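Structure below; questions to follow.
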Amino acid sequence: MGYFCGALALAVAATPSARASVLDDVKQRGVLNCATGDGIPGFSYLNPKTSKLEGLDVDLCRATAAAVLGDPDKVKFVTVTGKSRFNTVTTGQADVGYFSTTIYPVRESAIAVDFLPLYFYDAGGFMVKTSSGVETVKDLAGGTICTTQGTATEVALANLFKSQNITNIKVLTFDSDDKVFAALGSGRCNAMATDKTALAGWRGSSPKPEDYKILREGTGKSPFAGFVAANDSKWRNLLRWTVFGLFQAEEWGITAANVEEMKKSPDPVIRKFLGAESGFGTDFNVSNSFAADMIKAVGNYGEIYDRNLGPKTPYYIDRTGTPNASWLNGGLLYSPPWE
């Protein structure tokens, strides 16, 4: 899911003037302001049963709070949309954003944000009612595809239509995914277009998942990354290594349950990683236990994934043999060495 050109000017104009690092602001405030959504099951979703935000993106916010402030609950979630997400961060309303956001060249070049490491590999797709009999996008001729305003899906659809010379499909946009899904359910549109993970989430959370089908056809790659205001290397570098730390913890088998025991590891690099002996926190102006604090709070990347997208969830997306597996298992999730 992604924002494109609609608010580029706002984002550029709103770039913060020179000031202390966001890290200093967060420490002084004692709370992390994290931009995320509330309508993407599995990633950032306001669970109607618990009235709490949950999902992979939400847990990345909580991991960041634990790393910086030592407490995963010292986070204020700033709810954003596809159109508002970047402006919310560049104007300082949020310190970091985790909102299933795809990296594109225009975002690096024209919006005043810096991206963090890729943490999820997705692709754009389409979902239809099973009863429709639709198998390909061309089967939607004369119909309507619904998607979310201010996302890269709008641009991807335009490019797809041009490349396949499709001229007889309308695109209708809404300001949130839940409205798009409702429009599909009511018959206002014939297909819903967004990231395939979001489609799987909405399908899984529906009363009758079998009523919906995700098409094999897609709209291209959609790798997700968090983002911060540009040109704040002190803050950006710390958050880059918090993400890498979650990957590395999974690689080493460090979990929320065994993190304290792993501090006694015979491997000196693991002991340093966890802050048991000196640590990396001094280099990043946080506690030497920052990696241990976030792992104890939310687990390693694999634990976060399983909690939100694992086989025991309605939104199950198998990591096996996909880019979302650890590099040890043939995936693309990889941390530089902690030496």
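Which whole-number percent gives the relative contact order of the chain, counting Cα pairs below 8 Å spaced six or more residues apart?
Working: 689 pairs, mean separation 75.2, N = 339.
Relative contact order for the chain comes out at 22 percent.
With the dipole of the chain worked out from charges on the C-beta (+1 for Lys and Arg, -1 for Asp and Glu) around the Cα centre, which of 132, 47, 148 lies farthest toward the positive end?
132
Further question on the same structure: Which far-off residues, 5 or more places away or on another chain, put their amide H under 5 Å from the one on residue 220, with H placed in the peptide plane?
Close amide H contacts, sequence-distant or interchain: 124.
Over its Cα atoms, what ratio of radius of gyration to 2.2 N^0.38 Å does the range 30-93 give? Can you show the working numbers first?
Values: Rg = 11.6 Å, N = 64, 2.2 N^0.38 = 10.7 Å.
Computed over Cα atoms of the range 30-93, the ratio equals 1.08.
Do any of 52/263; 27/74; 138/162; 138/170; 264/296 go past 22 Å between their Cα atoms, and which?
Distance filter (> 22 Å) returns 52/263.
Kirkwood hydrodynamic radius of the range 85-237 from all distinct Cα pairs, in Å?
Taking every pair of different Cα atoms in the range 85-237, averaging 1/r and inverting gives 16.5 Å.
Using the alpha-carbon atoms, what tilt in degrees (0 to 90, nearest 10) does helix 56-69 show relative to the longest principal axis of the chain?
So the helix axis and the longest Cα principal axis differ by about 20 degrees.
A follow-up question, please. Dipole size in debye (nearest 20) for the chain around its Cα centre, Lys and Arg Cβ +1, Asp and Glu Cβ -1?
On the way: 34 positive and 35 negative charges, 134 e Å.
That gives the chain a dipole magnitude of about 640 debye.
Using unit Cβ charges (K, R positive; D, E negative) and no other charged atoms, how large, in debye to the nearest 20, is the dipole of the range 180-339 about its Cα centre?
Details: 18 positive and 17 negative charges, 103 e Å.
Dipole about the Cα centre, nearest 20: 500 debye.
To test your reading of the geometry: what angle, between 0 and 90 degrees and rounded to tens, separates the Cα axis of helix 177-186 from the longest principal axis of the chain?
The angle comes out near 30 degrees.
Sticking with this structure for a sec: Rolling a 1.4 Å sphere over the protein heavy atoms, what is the accessible area per residue of the range 120-188, to the nearest Å²?
46
Add +1 for every Lys or Arg and -1 for every Asp or Glu among the other residues with Cβ under 12 Å from the Cβ of residue 107, and state the total. Don't jump to the answer; show the numbers that get you there.
Working: positive: 85; negative: 108, 114.
Neighbourhood net charge equals -1.
Around residue 46, with a cut-off of 11 angstrom between Cβ atoms, what is the net charge of the other residues, counting Lys and Arg +1 and Asp and Glu -1? Numbers along the way, then the final one.
Numbers: positive: 49, 52; negative: 38, 54, 178.
Result for the neighbourhood of residue 46: -1.
Still on this structure: In square angstrom, what is the accessible area per residue of the range 259-339 with a 1.4 angstrom probe?
49
May I pose another question? What residue among 189, 66, 230 has its Cα farthest toward the positive end of the dipole of the chain, where the charges are +1 on Lys, Arg and -1 on Asp, Glu, each on the Cβ?
Value: 189.
At a 1.4 Å probe, what is the % contribution of carbon and sulfur to the accessible area of the range 16-105? Write out the running numbers ahead of the final one.
Working: 1710 of 3450 Å².
The C+S portion of the solvent-accessible surface of the range 16-105 is 49 percent.
Using the Cβ atoms and a cut-off under 13 Å, what net charge is assigned to the surroundings of residue 168, where Lys and Arg are +1 and Asp and Glu are -1?
Details: positive: 138, 170; negative: 139.
Charge balance in the 13 Å sphere: +1.
Moving to a separate point now. Using only the alpha-carbon atoms of the range 230-339 as identical scatterers, what base-10 log of I(q)/I(0) does the Debye formula give at q = 0.12, 0.14, 0.15, 0.23 Å⁻¹?
Normalising to I(0) and taking log10 leaves -0.43, -0.58, -0.66, -1.26.
Taking only Cα atoms, what is the 0 to 90° angle, nearest 10, from helix 233-252's long axis to the longest principal axis of the chain?
Between the helix axis and the principal axis of the chain, the angle is about 90 degrees.
While we're on this one: Show me, bin by bin at 10 Å from 0, the whole-percent P(r) of the chain based on Cα pairs.
That works out to 6, 26, 32, 23, 10, 3, 0, in percent per bin.
Could you sort 258-264, 52-58 so that the peptide with the highest average Cβ count within 10 Å comes first and the rest follow in order? Mind dumping the intermediate values first?
Details: 258-264: 14.7, 52-58: 22.6.
Ranking the peptides 258-264, 52-58 by packing returns 52-58, 258-264.
The values are calculated or read from the model by the stated rules, or taken from the named source; none is laboratory data. Not measured: the values here are computed from a predicted model. Don't worry about glycine lacking a Cβ; one is built from the backbone with ideal geometry, like all the others, and counts go over all protein chains shown. Note: areas computed on protein heavy atoms with side chains; ligands, DNA, RNA excluded. Shrake-Rupley method; radii C 1.70, N 1.55, O 1.52, S 1.80 Å.
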